[in-house]
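Student: Just passing along the structure, written as structure tokens.
The values are calculated or read from the model by the stated rules, or taken from the named source; none is laboratory data. Because the structure is a prediction, the values reported are computed rather than measured. Every residue, glycine as well, gets a Cβ built from its backbone with ideal geometry; the counts of neighbours run over all protein chains shown. The accessibility values were calculated without ligands, DNA or RNA, using every heavy atom of the protein model including side chains. Shrake-Rupley method; radii C 1.70, N 1.55, O 1.52, S 1.80 Å.
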Protein chains: 2
Amino acid sequence: MKPSSASAQANPNIAFIKYWGNQSQELRIPVNGSISMNMAGLETVTSVIFDDAISGDTLSINGKMVEGKGLERVSSILEIGRRAAGIHSYAQVMSTNNFPTGAGIASSAAAFAALAKATVSALGLPWDEPAISRLARMGSGSASRSVPGGFVEWYVGESDESSYAETIAPAEHWALADCVAIVSASHKKTGSTEGHALAPTSPLQGARVADTPRRLELCRNAIRARDMRALAEVIELDSNIMHAVMMTSSPALFYWQPETLAVMAAVREWREDGLLAGYTIDAGANVHVICEQTSAAEVQTRLRNVPGVQRVLMSSAGGGAKLV
Amino acid sequence: MKPSSASAQANPNIAFIKYWGNQSQELRIPVNGSISMNMAGLETVTSVIFDDAISGDTLSINGKMVEGKGLERVSSILEIGRRAAGIHSYAQVMSTNNFPTGAGIASSAAAFAALAKATVSALGLPWDEPAISRLARMGSGSASRSVPGGFVEWYVGESDESSYAETIAPAEHWALADCVAIVSASHKKTGSTEGHALAPTSPLQGARVADTPRRLELCRNAIRARDMRALAEVIELDSNIMHAVMMTSSPALFYWQPETLAVMAAVREWREDGLLAGYTIDAGANVHVICEQTSAAEVQTRLRNVPGVQRVLMSSAGGGAKLV
């Protein structure tokens, strides 16, 4: 066949109800459903070129060639596409982020969502959005949520077929901001893939999973009703619950740094004083502070004044993966 | 009757396996068993004088008269003694601590252990140690553990009769040190009594309680075998689990301050580098770092160098409540 290519763009997403732990580590089928918001303005663009003339898959990220595990993970996604399309050509994959990889914003969700979207298009596969979300999921669980746009729920599912994400409200539904307090740009000691594997070692993980349907409903309802106080309360609870599991696994995983705790305390105090915002923290030290756009400038100013906050990255509800 | 008096001394204790949540809030019967070490050198001395000539119970702490809830709590203990002895005399209670009340070391355990011991003696009641432990428990749950000496287990029990503490190893069994990193001398926002009442609101409390027998056994075994690494691991896990429940209750209780987290991280790093120590944190911000006496000077020096540590209070395994 002659070379065939496609390019796609996707955003990272911030989880309001977190994903932590897998039913199937290999297929990245989670133990609980999750809800997130895509982060507008932060973008990964990935191009995929299938070409008979090359002798193996290649990967470049921000212009640097990547081999080893990073390349293997990408190849496994390409391979699923190749099998479905019945071809054997290898591919060149080129990915660039417009946000610094070292800023503590997980880039894998955006990267695998863009890769899945571009791969399916380059191969001319007639796949719908859930199928592309499932493909992205195989590369990075949370990437499944960066395929649909706006506010997204990833259904826990029982199998590869039923574990995908879809939009529960479009980005326009609610003008929310994500003000990310960057307190550390250092790489996490324990990556998410290894972290998910440790989740069952916490005596609290079972209780966390069992309680998730309740939190998912609180979060869905808060989004539907555009109820900022209810959203703030449930995202903080959910974030605290995930970190509780992390801190009580064996070995214990501590992602919070002293500055993380200072920002969390500040946000709770601001809310008591009437500034409606809530925090949520992924598997890292930075604090995502969610508020309505009308409060975003005030939140940004206050965050900058919290000792230990290096800078504040601003985002808002964004769209899904799309061809570019 | 003519005035009758007694004075008793007791130490605070540091819990290795924590008490958090009650089966009966009124009787302070806990939902799980706990294990602690008495803290030598920190002392509360309490004198009780039953006297027909006074018209109500009085309480002074460090020379200052106390009324309201503090006095009521003491009166309820005196009343149990009066009923058992068949008398109606009121009592003067005078209590002094040799450690600052505002230092973040809970004084209620030592205070109610000393009060129970002195009350029983002043009234001439023929009560054994478990009965005195139960009386102390009615004033402050953890006070039950400051009645017996050394390393102590408080049995969860199913009733007032069966919920008491006893020595599982004497203080001489293992030369342990408790190096308390004082990061805050401020009073806690939410006291333990209110905190215990919030425990059931955490979705993680059930799992914490269900897992406690396992942690109790790990802790008992570590003490029996004088296995410092095993002790460090189980006390950190247990402390993390209790704070996980606190942070996920409604409202969320955060006792950790940024400096608390910094000390925790330092202790874990030191252990990786071969300095055997483990942390545990009560319902406050200060960090108790447990190690063998042979490492205590090194731990103290290192703690003083952690930014945010105001001072380091040193203690070791201490005895039980005794008459003075």
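Student: Under the condition of being within 12 Å of chain A (Cβ to nearest Cβ) and at pLDDT below 95, which residue from the range B:180-204 is farthest from B:Val263 (Cα to Cα)? Show your work before the answer.
Tutor: Applying the first criterion (within 12 Å of chain A (Cβ to nearest Cβ)) to the range B:180-204 yields B:183, B:189, B:201-204.
Checking which are at pLDDT below 95 leaves us with B:183, B:189.
Details: B:Val183: 9, B:Lys189: 21 Å.
Per the criteria, the residue is B:Lys189.
Student: What are the residues in the range B:108-141 that are touching a Pro at 6+ places or on another chain (Cβ under 7 Å), under 14 Å from B:Gly157 (Cβ atoms) and either among the β-branched types (Val, Ile, Thr) or touching a residue at least 40 places away in the same chain (Cβ under 8 Å) (or both), if any? Let's see the steps before the verdict.
Tutor: Narrowing the range B:108-141 to residues touching a Pro at 6+ places or on another chain (Cβ under 7 Å): B:109-110, B:129, B:133, B:141.
Checking the rest, the ones that are also under 14 Å from B:Gly157 (Cβ atoms) come to B:133, B:141.
The answer is B:Gly141, and nothing else.
Student: Considering only the range B:63-70, I want to know if a residue exists there that is of a type outside the set (D, E, K, R), touching a residue at least 12 places away in the same chain (Cβ under 8 Å) and surrounded by 14 or more Cβ atoms within 10 Å (Cβ to Cβ). First the steps, then the outcome.
Tutor: Going residue by residue through the range B:63-70, those that are of a type outside the set (D, E, K, R) are B:63, B:65-66, B:68, B:70.
Now restrict to residues that are touching a residue at least 12 places away in the same chain (Cβ under 8 Å): B:63.
Still in the list and also surrounded by 14 or more Cβ atoms within 10 Å (Cβ to Cβ): none.
There is no residue in the range B:63-70 that is of a type outside the set (D, E, K, R), touching a residue at least 12 places away in the same chain (Cβ under 8 Å) and surrounded by 14 or more Cβ atoms within 10 Å (Cβ to Cβ).
Student: In the range A:268-309, what residues are farther than 19 Å from A:Ser36 by Cβ and of a type in the set (Val, Ile, Thr)?
Tutor: A:Thr294, A:Val299, A:Thr301, A:Val306, A:Val309
Student: Then there's this: Going by the conditions given, is B:Glu194 open to solvent by 70 Å² or more (accessible area, probe 1.4 Å) and not assigned by TED's automatic domain parsing to the domain that holds B:Asn11? Can you show your working first?
Tutor: Working: open to solvent by 70 Å² or more (accessible area, probe 1.4 Å): yes; not assigned by TED's automatic domain parsing to the domain that holds B:Asn11: yes.
When the stated conditions are applied, B:Glu194 passes them.
Student: Is it the case, given these coordinates, that B:Gly33 is touching a strand residue (DSSP E or B) at 6+ places or on another chain (Cβ under 7 Å), at pLDDT below 95 and surrounded by 13 or more Cβ atoms within 10 Å (Cβ to Cβ)? Please lay out each step first, then the result.
Tutor: Working: touching a strand residue (DSSP E or B) at 6+ places or on another chain (Cβ under 7 Å): yes; at pLDDT below 95: no; surrounded by 13 or more Cβ atoms within 10 Å (Cβ to Cβ): yes.
In short, no.
Student: Would you mind finding the one in A:Ser95, A:Ser140, A:Ser133 that is assigned by TED's automatic domain parsing to the domain that holds A:Ile35, within 17 Å of A:Glu166 (Cβ to Cβ) and open to solvent by less than 40 Å² (accessible area, probe 1.4 Å)?
Tutor: Values: A:Ser95 fails: within 17 Å of A:Glu166 (Cβ to Cβ); A:Ser140 fails: within 17 Å of A:Glu166 (Cβ to Cβ).
Testing whether each residue is assigned by TED's automatic domain parsing to the domain that holds A:Ile35, within 17 Å of A:Glu166 (Cβ to Cβ) and open to solvent by less than 40 Å² (accessible area, probe 1.4 Å) leaves just A:Ser133.
Student: For the range A:205-324, which fully contained helices (runs of 4 or more DSSP H) count at least 2 residues that are surrounded by fewer than 18 Cβ atoms within 10 Å (Cβ to Cβ), modelled with pLDDT of 95 or more and more than 11 Å from every other protein chain (Cβ to nearest Cβ)? Reasoning before the result, please.
Tutor: On the way: elements: A:205-225, A:228-247, A:258-272, A:293-304.
The qualifying helices (runs of 4 or more DSSP H) are A:205-225, A:228-247, A:293-304.
Student: Looking only at the range A:178-187, decide whether some residue is open to solvent by 10 Å² or more (accessible area, probe 1.4 Å), without any contact (Cβ under 8 Å) to a residue 60 or more places away in the chain and either closer than 27 Å to B:Glu233 by Cα or over 18 Å from the mean Cα position of the chain (by Cα) (or both).
Tutor: no
Student: Related question: In a helix (DSSP H, G or I), open to solvent by 60 Å² or more (accessible area, probe 1.4 Å) and not assigned by TED's automatic domain parsing to the domain that holds B:Ala244, is that true of B:Glu79? First the steps, then the outcome.
Tutor: Working: in a helix (DSSP H, G or I): yes; open to solvent by 60 Å² or more (accessible area, probe 1.4 Å): yes; not assigned by TED's automatic domain parsing to the domain that holds B:Ala244: yes.
Yes, satisfied.
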